[in-house]
Amino acid sequence: GNSVTQMEGPVTLSEEAFLTINCTYTATGYPSLFWYVQYPGEGLQLLLKATKADDKGSNKGFEATYRKETTSFHLEKGSVQVSDSAVYFCALSDRGNAGNMLTFGGGTRLMVKP
Amino acid sequence: GAGVSQSPSNKVTEKGKDVELRCDPISGHTALYWYRQSLGQGLEFLIYFQGNSAPDKSGLPSDRFSAERTGGSVSTLTIQRTQQEDSAVYLCASRLNTGELFFGEGSRLTVL
């Protein structure tokens, strides 16, 4: 079956530090990969996505590259801000699954201190 | 409304009681999903509706859980004879065909 594993948090960084949140996956087909973010008191929202190998998704300074050889989709940002404090979820959608259901990782809480 | 709306936002109930959670998806979205987010855990898929097709109930954890979607729009998730382990945030999401998935803010259920 499909699964997503991401690093446990919380991750605590100072403002302007470099961020990496690791994500690896297992899938039976050819999945699309996503990062969702959940800000305090809000619902999940799509941060970025990549639909095929070697694609790079990017948004708001965040980037992730779809690495088929290592089955990874690590999230990176060069300089984090306090406003980036949130919970980040890695997810995959396997077109072989009915309805393209999203399978999520456990989430990683990021805390950025000024 | 502009987004996915869920109600109630918070529900506290006693063990053994039934609860109903409501989801209003974005107008026109054909697909609707329910997920559960337990404390410190990831999102657990519960059930999926697509148009008029039979729902995919493969994620429902027990027969105490059921859901329906009336008229292809509003969905209700019902939990009968609630247990303490049912305490979680229940998230609803909708999307148009295979586009981006939009989530509601969730309904936080606490079973005492």
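With 27 Å as the limit, the listed pairs A:Lys60/B:Lys11; B:Lys11/B:Lys57; A:Lys49/B:Lys11 have A:Lys60/B:Lys11; A:Lys49/B:Lys11 beyond it between alpha carbons. Within the accessible surface of region B:1-111, defined with a 1.4 Å probe on protein heavy atoms only, the carbon and sulfur portion equals 43 percent. The spread of Cα positions in region B:1-96, taken along each principal axis and listed from longest to shortest, comes to 36, 26, 24 Å. Converting phi to 3J(HN,Hα) with the Karplus coefficients 6.51, -1.76 and 1.60 and the offset θ = phi - 60°, region B:72-77 yields x, 10, 4, 10, 10, 9 Hz in sequence order, with x at every glycine or proline. Counting only residues at least eight positions apart within a chain, or on another chain, the aspartates and glutamates with an alpha carbon under 14 Å from that of A:Lys113 are A:Glu15, A:Glu16, A:Asp84.
Along its three principal directions, the equivalent ellipsoid of chain A from the Cα gyration tensor extends over semi-axes of 24, 14, 12 Å, largest first.
Legend: mean number of C-beta atoms from other chains within 10 angstrom of residue C-beta atoms, peptide B:56-64, equals 1. The shape of the protein assembly as shown can be summarised by an equivalent ellipsoid whose semi-axes, obtained from the alpha carbon gyration tensor, come to 29, 21, 16 Å from longest to shortest.
On a per residue basis, chain B carries 50 Å² of accessible surface, using protein heavy atoms and a 1.4 Å probe.
Buried between A and B is an accessible area of approximately 1300 Å², summed over both sides with a 1.4 Å probe.
When the chain is fully extended, how far beyond the present Cα-Cα distance does A:Thr70 get from A:Glu15, taking 0.36 nm per residue of separation?
Gain on extension, A:Thr70 to A:Glu15, equals 16.8 nm.
State the extension gain, in nm to one decimal, for the chain segment bounded by B:Ala2 and B:Ser62, taking 0.36 nm per residue of separation less the distance between their alpha-carbons. 18.3 nm is the gain from fully extending B:Ala2 to B:Ser62.
The values are calculated or read from the model by the stated rules, or taken from the named source; none is laboratory data. These numbers come from a predicted model, not from an experiment. Ideal geometry is used to build each Cβ from the backbone, glycine not excepted, and the neighbour counts take in all protein chains shown. Accessible surface is based on the protein model in full, side chains and every heavy atom, while ligands, DNA and RNA are left aside. Shrake-Rupley method; radii C 1.70, N 1.55, O 1.52, S 1.80 Å.
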